[in-house]
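Asker: This is the structure I have questions about; it appears just below.
The values are calculated or read from the model by the stated rules, or taken from the named source; none is laboratory data. Please read all numbers here as calculations on a predicted model, not as lab measurements. Glycine gets a Cβ as well: all are built from the backbone with ideal geometry, and neighbour counts include every protein chain shown. Protein only, heavy atoms only, side chains kept; ligands, DNA and RNA dropped before computing areas. Shrake-Rupley method; radii C 1.70, N 1.55, O 1.52, S 1.80 Å.
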Amino acid sequence: MSQVEEMPRQEPPPQETHSLTAGESSPTDLYDKCIFLSRNLWWSWHPEVISLFRDLDPIRWRQLDHNPIALLKEFTPERLANRASEMVLYSRINYAVRRLKEYLATKPNWGATNTGVLGAKPVAYFSAEFGLHESMPIYSGGLGVLSGDHVKSASGLGIPFVAIGLFYGQGYFRQHLDEDGYQREEYQDTKVENAPLEPARGPDGKPVTIQIDTRNGQLFAKVWLVRVGRVQLYLLDSNVEGNKPEDRELTNRLYGGDERTRIRQELLLGVGGVKALRALGITPGVYHLNEGHSAFGPLEVIRERMHYEGMTFDDSLREVAQRTVFTTHTPVPAGHDRFDGTLVEEHLGPLRDALGISYEQLMGLGRVEAQNGDETFCMTVVGLKLSRRANAVSNLHGHVSRRMWAHLWPWRVEEEVPIGHITNGVHVPSWLAWQMRQLYDRHFSPGWSSGMGEPGAWQNIHQVDPGELWETHNALKSLLLTFVRRRLSRQCRRREEGEDAVEAARNVLDPNALTIGFARRFATYKRANLFLFDLQRMLAMLDSRERPVQFIFAGKAHPKDEPGKQFIQRVANLRHDERFAKKVVFVEDYDINVGRHLVQGVDVWLNNPRRPLEASGTSGQKVVLNGGLNCSILDGWWAEAYDGANGFAIGNGTQHVSDEITDRRDAEALYSVLEEQIIPTFYDRDVDGLPRKWIKMMMNSISTLAWRFSAHRMVMDYTRACYVPAAGGLSCDMPDI
Ligand SMILES: *Cc1c(COP(=O)(O)O)cnc(C)c1O
């Protein structure tokens, strides 16, 4: 088992033996310590540090989106000291500070043993979004949460690693539903002073800014530093003097605006990101492009090598591709960014001059057929052409991607198209409920969490007393219901629906009923409405007296996705229907916080996309950690995860050319698995009231899946199969799990 200094067993913090000793912890000293903790997102995956902030002021903590920087602003050092004495926080604060300092000062063995070839040259990981915590709204959904989890595990494993993204002044929208259940989008300015940002400084100690030449003027950006454990995340921000007014707003919103906005954002992320690293004095050994948004980046690296080392374009391209890793996430052709030649020339023209290549040569890099003038410039194609190693994000998605891009390698048979796969995983400490974590700490071997990316760590789950596991799960379920009721009553109040409605919202859902969660982007292929396919059959399950079922939904639709918004409307408006009221609820404004509550408390997590459109999916992996069971189409990660005894499958993984037929068959399969397997197993209780068979499945799910779909396993795979060989170390095949 590898030794990763992470998540040590939860020792109780030392007892408070004395109140303040003079000189040791003056109010300002204490205040500075709290500021220090709040400025590294390390706190966000340490429950004991979170609870410390919460104890300072539980109500404001919630109102401020769990943002410790904003919270501390409301305290003077004296008031903080008073509150700390009142709540007996001194030793907890000191203990947390010591642990963070130790964490930053140590080099975990795993990284030290496995990444020697990288030396002082880190992996530079580029992503358009990072989902690190609800208080940092620079993510929209799955891709961002994946990047955030990747960074956190890279920190935990001790891999030399920096990350590059954009700072969005407003981020993604906040979702409210109006009286008609229709999604309204609200954009809020992020208060920079309340975000864990500091100006990134170059070797000369001065804040770094970068500039990019385009055919119609220069584009400027400043660079922020975010500390995520041992990893530095750099965010480019175009809101600087010198930029035209419209460029100052360029990085305002995530996935907003038109093609022009997009190409300019991507120019900033890719080319600007490489320039920022140079200005910071960082020389990466490997470039990892997480999705096509950053795929202009390697062109700038190629230019650097030509400029500084006098290489030819072709030699430089070959060397840069050797060091570049590309991950594709999109299983549908329409989902890949494409730009027409005019936009490309306007933005890449000056760089093209420096590279000494023609317009046609540049465009050829983004086309499947380089000479085909009708083809637009595709970011995925350029990503594939400029990287020696490329991967999809699940086994099934690997097959889909090889087929989709086979024409890029016309001389190869499909199985030999050089796109492998590394299945996504989740950062365990970020998604694991504290109560479940305590149970694991008691039963797993000491230091289990250092090996959480390997199977051994989790096997003792089978030794846990079934009653204890069940009780812990039910405690979490009850916390979820409290959360949902509070959110729903708040939603009613905001819509000014009157006290009766608010009161009704406080009483929705039944703590004893089988609770099914469904939270994801409301893209139509995810089919949030599938459960309504046959109303009578569904109602029979919802209405059952002995064996009732209930649903909790959440999710945003892209602002331009009208059909997605109608799906939301249909589900949300069920609350006005007697037959569904109190049994099917919709929680607004799905984000990391809502997600965390849901994945920690549901009995079953439902996932019914139209196969094979879900590249991986990760939300169900978070459910595994907390003892929930997955019920899913055999798509994305579940196609390789399901073994017949660790959850439930909808259908048998077949597809039909007609969506209509597929939907009907999948709905049938969903009803069958609910009626024949899920409901009977959940309600089959022994004399102690325990669903023995169900609990056994929970244990199977944890022991077979938690390690495999952890971000630690994922980052270890990336390291061995991609980072090390890209840096010139021994090659190793993509793992086949
Ligand atoms: C985990 C997560 C996702 C990704 O989940 P999918 O299974 O890909 O839908 C999206 N949004 C949030 C807030 C998450 O926490």
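Asker: From the list LYS583, LYS556, pick out the single residue that is away from the ligand (no atom under 14 Å from the Cβ), basic (Lys, Arg) and on the phi < 0 side of the Ramachandran plot.
Answerer: It is LYS583.
Asker: Just give me the residues in region 156-174 being within 23 Å of TRP43 (Cβ to Cβ) and in a strand (DSSP E or B), in sequence order.
Answerer: PHE161, VAL162, ALA163, ILE164, GLY165, GLY171
Asker: Yes or no: region 372-382 includes at least one residue that is in a helix (DSSP H, G or I), of a type in the set (A, V, I, L, M), open to solvent by less than 30 Å² (accessible area, probe 1.4 Å) and outside the structural domain of VAL286 (by TED's automatic domain parsing).
Answerer: no
Asker: A further question on this structure: Collect the residues in region 412-468 that are part of a helix (DSSP H, G or I), open to solvent by 10 Å² or more (accessible area, probe 1.4 Å) and without any contact (Cβ under 8 Å) to a residue 60 or more places away in the chain, keeping them in residue-number order.
Answerer: GLU414, GLU415, GLU416, GLN435, ARG442, HIS443, ASN460, GLN463, GLU468
Asker: I've got another one for you. Could you say which residue among SER153, SER140 is open to solvent by 20 Å² or more (accessible area, probe 1.4 Å) and touching a residue at least 60 places away in the same chain (Cβ under 8 Å)?
Answerer: Among SER153, SER140, only SER140 is open to solvent by 20 Å² or more (accessible area, probe 1.4 Å) and touching a residue at least 60 places away in the same chain (Cβ under 8 Å).
Asker: Mind listing whichever residues of region 587-613 are under 25 Å from ASP65 (Cα atoms), within 11 Å of the ligand (Cβ to nearest atom), of a type outside the set (D, E, K, R) and assigned to a loop (DSSP other than H, G, I, E, B)?
Answerer: Hit for region 587-613 is TYR590, nothing else.
Asker: Which of the following residues is more than 19 Å from ASP603 (Cβ to Cβ) and either more than 16 Å from the ligand (Cβ to nearest atom) or at pLDDT below 95 (or both): ALA475, ALA501?
Answerer: ALA501
Asker: Moving on to the next point. Looking at region 649-662 only, could you name the residues that are of a type in the set (A, V, I, L, M, F, W, C), away from the ligand (no atom under 16 Å from the Cβ) and at pLDDT 95 or above?
Answerer: Once the filter is applied, which keeps residues that are of a type in the set (A, V, I, L, M, F, W, C), away from the ligand (no atom under 16 Å from the Cβ) and at pLDDT 95 or above, region 649-662 yields ALA649, ILE661.
Asker: Out of ARG521, ARG487, ARG527, report the one residue that is within 16 Å of the ligand (Cβ to nearest atom), of a type outside the set (A, V, I, L, M, F, W, C) and open to solvent by less than 20 Å² (accessible area, probe 1.4 Å).
Answerer: Every option except ARG527 fails the conditions.
Asker: Here is a further query. Let me spell it out: the conditions are (1) touching a residue at least 60 places away in the same chain (Cβ under 8 Å); (2) more than 16 Å from the ligand (Cβ to nearest atom); (3) part of a helix (DSSP H, G or I), and ALA124 meets all of them except one. Which number is the exception?
Answerer: Every listed condition holds for ALA124 apart from (3).
Asker: Please work out which one of (1) assigned to a loop (DSSP other than H, G, I, E, B); (2) farther than 14 Å from ARG520 by Cβ is the condition THR681 fails and give its number.
Answerer: (1)
Asker: Next question, about the same structure. Looking at region 620-641, which of the residues that are open to solvent by 10 Å² or more (accessible area, probe 1.4 Å) and either closer than 28 Å to LEU479 by Cα or assigned to a loop (DSSP other than H, G, I, E, B) (or both) is farthest from the ligand (Cβ to nearest atom)?
Answerer: So the residue we want is LEU634.
Asker: Sticking with this structure for a sec: Looking at MET404 and the list (1) closer than 14 Å to THR328 by Cβ; (2) open to solvent by less than 10 Å² (accessible area, probe 1.4 Å), which single condition is not satisfied?
Answerer: It is condition (2) that MET404 fails.
Asker: So, in region 284-334, exactly how many residues are of a type in the set (A, V, I, L, M) and at pLDDT below 95?
Answerer: 2
Asker: Looking at region 96-115, I want the residues that are open to solvent by 80 Å² or more (accessible area, probe 1.4 Å) and have a partner that is part of a loop (DSSP other than H, G, I, E, B) with Cβ atoms under 6 Å, at least 6 apart or on another chain. Which pairs are those?
Answerer: So the pair list comes out as LYS107/GLY158; ASN109/GLN3.
Asker: Hey, another quick one. Test of understanding: among GLN566, GLN550, which residue is open to solvent by less than 10 Å² (accessible area, probe 1.4 Å) and closer than 26 Å to ALA669 by Cβ?
Answerer: Selected residue: GLN550, the only one of GLN566, GLN550 that is open to solvent by less than 10 Å² (accessible area, probe 1.4 Å) and closer than 26 Å to ALA669 by Cβ.
Asker: A further question follows. Identify, by number, the condition in (1) within 11 Å of the ligand (Cβ to nearest atom); (2) open to solvent by 20 Å² or more (accessible area, probe 1.4 Å); (3) of a type outside the set (Ser, Thr, Tyr); (4) in a helix (DSSP H, G or I) that GLY617 doesn't meet.
Answerer: (4)
Asker: Which fully enclosed strands (runs of 3 or more DSSP E) of region 175-253 have 3 or more residues being touching a His at 6+ places or on another chain (Cβ under 9 Å)?
Answerer: 183-186
Asker: So which residues in region 553-573 are without any contact (Cβ under 8 Å) to a residue 24 or more places away in the chain and either in contact with a helix residue (DSSP H, G or I) (Cβ under 8 Å, 6 or more places away or on another chain) or among the acidic types (Asp, Glu) (or both)?
Answerer: GLU562 - this is the single residue of region 553-573 that is without any contact (Cβ under 8 Å) to a residue 24 or more places away in the chain and either in contact with a helix residue (DSSP H, G or I) (Cβ under 8 Å, 6 or more places away or on another chain) or among the acidic types (Asp, Glu) (or both).
Asker: Which of (1) loosely packed, with under 14 Cβ neighbours inside 10 Å; (2) under 24 Å from TYR139 (Cβ atoms) does LEU480 not meet, given it meets every other one?
Answerer: (1)
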